[in-house]
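Here's the structure we're looking at; comments come further down.
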Amino acid sequence: MNAMNMPNDLSALYNKREEIKSKIQDLQGELKILTNSLKDMFDDTARMQLAQQGKDFGQTSMTSGDYKVTLDYRKRVEWDQDELVNALNGMDPDTARHFATVKYSVAEAKFQNAPPEIKASLSEARTVSLQGVTVDIKKVEGN
């Protein structure tokens with residue numbers, strides 16, 4: 001017997017799962033409100049502490065009563081690809097290799113739509129591994 005024909009009643013699992021998903025969503029909303037309140041309360045002090053260290057980003061902590069509050073200003077760096085290539089080309093090759101990392105990749109949609117001979121050639125360099133499994137259950141209308 002395959003999973004499609006199993007006589008198990010999934011309604012209890014479905015209902016419990018939906019209930020938990022709803023609670024998680026509500027709690028995430030509440031947590032976001034509390035986190036934003038803490039950020040609003042301590043943001044000015046935290047930014048001043050970082051500025052005193054000559055930083056715009058990073059982690060800083062302060063104590064309030066019996067509590068230690070830490071704010072972490074994470075940074076995201078993006079490089080202008082054309083400017084970066086120009087800068088690296090202006091360096092000697094050893095120095096450029098020391099500072100730069102080059103990564104080649106092929107978009108999955110382009111790979112899947114490639115002609116067979118190109119696909120075969122690229123396949124030699126391609127490794128596919130499981131990233132994770134997602135499980136979902138939905139109630140079928142009309143049942």
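Every condition in (1) at pLDDT 95 or above; (2) surrounded by 10 or more Cβ atoms within 10 Å (Cβ to Cβ) holds for Gly54 except the one numbered (2).
Okay, residues lined up against (1) among the β-branched types (Val, Ile, Thr); (2) within 28 Å of the chain's Cα centre (by Cα); (3) over 30 Å from Val135 (Cα atoms); (4) not assigned by TED's automatic domain parsing to the domain that holds Val102:
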position	(1), (2), (3), (4)
Leu27	no, yes, no, yes
Glu30	no, yes, no, yes
Gly54	no, no, yes, yes
Gly58	no, yes, yes, yes
Asp66	no, no, yes, yes
Glu83	no, yes, yes, no
Ala87	no, no, yes, no
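Of the candidates Met62, Met91, Met48, the single residue that is touching a helix residue (DSSP H, G or I) at 6+ places or on another chain (Cβ under 9 Å), more than 30 Å from Lys139 (Cα to Cα) and either touching a residue at least 12 places away in the same chain (Cβ under 8 Å) or part of a helix (DSSP H, G or I) (or both) is Met62. Against the numbered list (1) assigned to a strand (DSSP E or B); (2) touching a strand residue (DSSP E or B) at 6+ places or on another chain (Cβ under 7 Å), Leu38 comes up short only at (1).
The values are calculated or read from the model by the stated rules, or taken from the named source; none is laboratory data. All of these numbers come straight from a predicted model, not from anything done at the bench. Please note: Cβ atoms are built from the backbone with ideal geometry, for glycine as well, and neighbour counts cover all protein chains shown.
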